[in-house]
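Working notes, structure below.
The values are calculated or read from the model by the stated rules, or taken from the named source; none is laboratory data. Just so it is clear, the model here is predicted, and its values are computed rather than measured. Note that we place each Cβ from the backbone using ideal geometry, even for glycine, and neighbour counts take in every protein chain shown.
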């Protein structure tokens, strides 16, 4: 990221005050091929260009200002963009206004759910990218929350972090509450997250998208059903290799449920890093119908610099019978600024 003070410097000549402003972002361009096979054996293949290893491109503006009494004001405006398509206009991403001090930090806006980073850190190949292996289990936590208040506690213990978030929904969407506890010590990392979301009438709790479709596990007929999710992961970096394990579940009502476990491995090989993830899970509908899921994904990364890297991966996932399947292969380049 590069800091720029051009615009705020102009304002400073008028107001006599200047904030520290950062303009940053990420551009990801990859070539991909996705194959989807339905339970009936009908196969379709899509080939295209677009962001693959990060899920989307991003542009953001961040500002900080030191205040009296050890306080600091923070602000961020973030946008989802797509450098490979003119049909995809900017949409809100992570945006907030915050206040930080000895009490920790409070942020108000649209922010990552606390569980996002717990799920993200469980997959060394990058879960946000594909429909290949994908996330098994609480995919609802791998997203962001609008109209939310997020409180991050100060670190009373080295390596220990605690965060709580309350979301008040977007328009007619239900409210959420969740938290994350994580601990880092040398090469060891562990995290646990949980979230409860209230579902409104007509809301759908769906499983993973495999073979071009996702299982509708539950569609609510009235407001009041809670979607409860939890996820944990632990990993250790031995230097020559890094191993990780993650597991979690999401449940709506008495029966509808999605569970999953992921095993991850990454190994540095010269200038390359190769990684693999193996997933397995189960999806249960409100009527008790269970479908087993499994997937695997293999990836390679090569850093051209601190901000630019090449990537390539291949992965697949299946649900129920072997005929219902998604496969994906992609290669691209990613740059942060």
- Item | Subset of segment 55-87 [at pLDDT below 80 and either farther than 26 Å from residue 125 by Cα or surrounded by fewer than 14 Cβ atoms within 10 Å (Cβ to Cβ) (or both)] | 85, 86, 87
- strands (runs of 3 or more DSSP E) completely within segment 43-116 that count 3 or more residues being free of Cβ contacts under 8 Å to residues at least 40 places away in the same chain, under 20 Å from the mean Cα position of the chain (by Cα) and under 23 Å from residue 147 (Cα atoms): 57-66, 72-81, 104-112
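Just name the residue that is surrounded by the most Cβ atoms within 10 Å (Cβ to Cβ) out of those in segment 240-257 that are in a strand (DSSP E or B) and without any contact (Cβ under 8 Å) to a residue 40 or more places away in the chain. Before you say what the answer is, go through the steps one by one.
Looking only at segment 240-257, we keep the residues that are in a strand (DSSP E or B), and these are 242-252, 256-257.
Restricting the remaining residues to those that are without any contact (Cβ under 8 Å) to a residue 40 or more places away in the chain gives 243, 251.
Details: 243: 15, 251: 20.
That would be 251.
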- Message: I'd like to verify a number: residues in segment 295-337 that are in a loop (DSSP other than H, G, I, E, B) and closer than 18 Å to residue 44 by Cβ, how many?
- Response: 4
- Residue that is over 17 Å from the mean Cα position of the chain (by Cα) and over 18 Å from residue 259 (Cβ atoms), where the choices are 196, 150, 221: 221
- Query: If you take the residues in segment 139-159 that are surrounded by 21 or more Cβ atoms within 10 Å (Cβ to Cβ) and assigned to a strand (DSSP E or B), which one is modelled with the highest pLDDT?
  - Reply: 150
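Kindly establish whether residue 275 is in contact with a strand residue (DSSP E or B) (Cβ under 7 Å, 6 or more places away or on another chain), free of Cβ contacts under 8 Å to residues at least 24 places away in the same chain and either crowded, with 18+ Cβ neighbours inside 10 Å or closer than 30 Å to residue 216 by Cβ (or both).
No.
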- Task: Could you check how many residues of segment 225-239 are within 22 Å of residue 115 (Cα to Cα) and at pLDDT below 95?
- Result: 9
- Go through segment 160-181 and give me each residue that's at positive phi and either modelled with pLDDT of 95 or more or buried (at least 16 other Cβ atoms within 10 Å of the Cβ) (or both). 169
